[in-house]
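Here is the structure we will look at.
The values are calculated or read from the model by the stated rules, or taken from the named source; none is laboratory data. Predicted, not measured: the structure shown is a model, and the values here were computed from it. Here the Cβ positions follow ideal geometry from the backbone for every residue, glycine too, while neighbour counts run over all protein chains shown.
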Amino acid sequence: MSIELAPDPEVADLAERTAAFVRDVVIPVEEEYAGVTARAGDAVRVRLQQAAKDAGVFAPHVSLEYGGLGLDMRARAVVFEEAGHSLFGPLALNCAAPDEGNMHLLEHVATPEQKERYLRPLAAGTVRSCFAMTEPAPGAGSDPAALSTRARRVPGGWRIDGRKWFITGADGAAYAICMARTSGEPGDRGGATMFLVDASDPRMKVIRHIETLDESLFGGHCEVVFDGCVVPDDAVLGEVDKGFAYAQVRLGPARMTHCMRWLGIARRAQDIAVARAADRRLFGSPLAALGMVQQMIADNEIDIAASRGLIRQACWELDNGRSAAQAGAMAKTFTAEAVWRVVDRSVQMCGALGISGDALLSRFLREVRPFRIYDGPSETHRWAIARRVVSRHLNGPSRSGA
Ligand SMILES: Cc1cc2nc3c(=O)[nH]c(=O)nc-3n(C[C@H](O)[C@H](O)[C@H](O)COP(=O)(O)OP(=O)(O)OC[C@H]3O[C@@H](n4cnc5c(N)ncnc54)[C@H](O)[C@@H]3O)c2cc1C
């Protein structure tokens, strides 16, 4: 089946307007704060989001009903790449992780009442949220089945106890979507449930910011303790014991949107390196005329184009109701590694300037590295990709690969 890659004229127009907004409004703010959103603070987030609303580029992924622009996955691929051209772009458009993935999950799984209470303000940028799944060892990580946080029945609701870490955006979030075990034991494949926990509950405690290589995701990466947190029955998101299935509803598209945003940064790194290579003269010629630099420029271009192709394939499958498990895993693994290569080569082409704080390249390098770990480490995806291929071999050919 053929895939149409050219975006609709309306999507192309939105992508152009997003690119102009990021260039003219967002990048100056990003440069002012050296790409570190925490240095900017919430007032800057609110100001940038108002500017995005005024420019008509706000919340491209959210349905019209909740104030967004209603883009499907293929259209998001085009627009998010433009938003991702700046570390502050996704925040400005309200399509940054983890809020963007949470909005997608709530749109698909929440009750009408939950949507009004949790999705509407999140989509409007009035509040932020977090997604609390990962736990310190021996709990949930690459293997979600190790989930150890417990939710036990109490009259009228549930009591949640457990410890989470690397919870992006937890500091300042209005609520967490918390994965807890409602049946079975750590190691069991089922038995997880998602809960909407208000951060105003004093028994949900953000106990520390974990110091990390990256600093551009708003609200930091936090350790969070649920210490006898009692929530009512209507805090259950979806059905009890179906949390792992809902996690896939969130993660399938969320992996792709992370790829789209980081592809924007890879392109920006390439732009910076090419401008420098065209300008800088070495050994009697422009740097860009030297063969080994040309190879780096070409390899960057190939990595960017190949990532884009894989992302759009997976998006097409998602838009057509497929799970895109294989296509998504391949796109995620390749893109996470490709954007690292692109930024690393771009640093190399810029020499000492590349690793200095004078160019944002060194910041980009720090920001893209963790992407090979979150949303599934490369090794977990390769393992799953290979298992599907072998299973296809054993059970007969499947043309979809999904
Ligand atoms: C910057 C950042 C932000 C994050 N934000 C969030 C968040 O908002 N919410 C949340 O819940 N979590 C978040 N996480 C956690 C993230 O989802 C986990 O780090 C990830 O799932 C890996 O789990 P782990 O760190 O426990 O590593 P482990 O599960 O301990 O894995 C360690 C290593 O084992 C290797 N490995 C894994 N599987 C295989 C395999 N099948 N074969 C061979 N080797 C393998 C990989 O190299 C992997 O890196 C974030 C992480 C980072 C770094």
Next item on the list: Return a yes/no flag: does the stretch 279-294 have any residue that is free of Cβ contacts under 8 Å to residues at least 40 places away in the same chain and closer than 24 Å to E82 by Cβ.
Entry: no
Next item on the list: Search the stretch 158-175 for residues that are outside the structural domain of P144 (by TED's automatic domain parsing) and pair each with any residue that is surrounded by fewer than 22 Cβ atoms within 10 Å (Cβ to Cβ) and among the aliphatic types (A, V, I, L, M) when their beta-carbon atoms are under 8 Å apart and the residues are at least 6 apart or on different chains.
Entry: none
Notebook entry, point to check: Across the stretch 216-230, which residue is nearest to the ligand (Cβ to nearest atom) among those that are at negative phi and crowded, with 20+ Cβ neighbours inside 10 Å?
Noted result: H221
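Does I311 satisfy the condition of being assigned to a helix (DSSP H, G or I), over 21 Å from R74 (Cβ atoms) and either at pLDDT 95 or above or among the charged types (D, E, K, R) (or both)? Break it down stepwise before answering.
On the way: assigned to a helix (DSSP H, G or I): yes; over 21 Å from R74 (Cβ atoms): no; either at pLDDT 95 or above or among the charged types (D, E, K, R) (or both): yes.
In short, no.
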Checklist line | Enumerated helices (runs of 4 or more DSSP H) restricted to the stretch 321-402, each holding at least 1 residues that are touching a Gly at 6+ places or on another chain (Cβ under 8 Å) | finding: 325-349, 361-368, 378-395
Next item on the list: Give me the pairs, please: first residue somewhere in the stretch 209-226 and assigned by TED's automatic domain parsing to the domain that holds Y175 and part of a loop (DSSP other than H, G, I, E, B), second residue anywhere and of a type in the set (G, A, S) and within 9 Å of the ligand (Cβ to nearest atom), beta-carbon distance under 9 Å, and either six or more positions apart or on two chains.
Entry: L217/A97; L217/G169; F218/G169; G219/G169; G219/A170; G220/G169; G220/A170
Notebook entry, point to check: Within the set of pairs 6 or more residues apart or between chains, which connect a residue that is farther than 26 Å from N94 by Cα inside the stretch 125-140 to a residue that is near the ligand (Cβ under 8 Å from one of its atoms) and assigned to a loop (DSSP other than H, G, I, E, B) with Cβ atoms less than 9 Å apart?
Noted result: E135/G141; A140/M133; A140/T134
Note to self: With surrounded by fewer than 22 Cβ atoms within 10 Å (Cβ to Cβ), modelled with pLDDT of 95 or more and touching a Cys at 6+ places or on another chain (Cβ under 9 Å) as the only criterion, which of D72, D99 stands out?
What the structure shows: D72
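What tally of residues in the stretch 113-126 results from selecting those that are away from the ligand (no atom under 16 Å from the Cβ) and in contact with a strand residue (DSSP E or B) (Cβ under 9 Å, 6 or more places away or on another chain)? Give the steps one after another, and end with the answer.
Residues of the stretch 113-126 away from the ligand (no atom under 16 Å from the Cβ): 113-121, 123-126.
Pick out the ones that are also in contact with a strand residue (DSSP E or B) (Cβ under 9 Å, 6 or more places away or on another chain) and you get 114, 117-118.
Total meeting the criteria: 3.
Could you say whether any residue in the stretch 355-367 is on the phi > 0 side of the Ramachandran plot, buried (at least 19 other Cβ atoms within 10 Å of the Cβ), within 16 Å of the ligand (Cβ to nearest atom) and under 18 Å from the mean Cα position of the chain (by Cα)? Quick ask: steps written out before the conclusion?
Filtering the stretch 355-367 down to residues on the phi > 0 side of the Ramachandran plot leaves none.
No: zero hits.
Does L105 satisfy the criteria of being within 16 Å of the ligand (Cβ to nearest atom), closer than 22 Å to M256 by Cβ and assigned to a helix (DSSP H, G or I)? So that I can check it myself, show each step before the final result.
Numbers: within 16 Å of the ligand (Cβ to nearest atom): yes; closer than 22 Å to M256 by Cβ: yes; assigned to a helix (DSSP H, G or I): yes.
So L105 fits the description; yes.
Taking into account only those residues within the stretch 209-247 that are hydroxyl-bearing (S, T, Y) and under 17 Å from C130 (Cα atoms), which is farthest from the chain's Cα centre (by Cα)? Before you say what the answer is, go through the steps one by one.
Applying the first criterion (hydroxyl-bearing (S, T, Y)) to the stretch 209-247 yields 212, 216, 246.
Restricting the remaining residues to those that are under 17 Å from C130 (Cα atoms) gives 216, 246.
On the way: S216: 12, Y246: 17 Å.
Ranking the qualifying residues of the stretch 209-247, first place goes to Y246.
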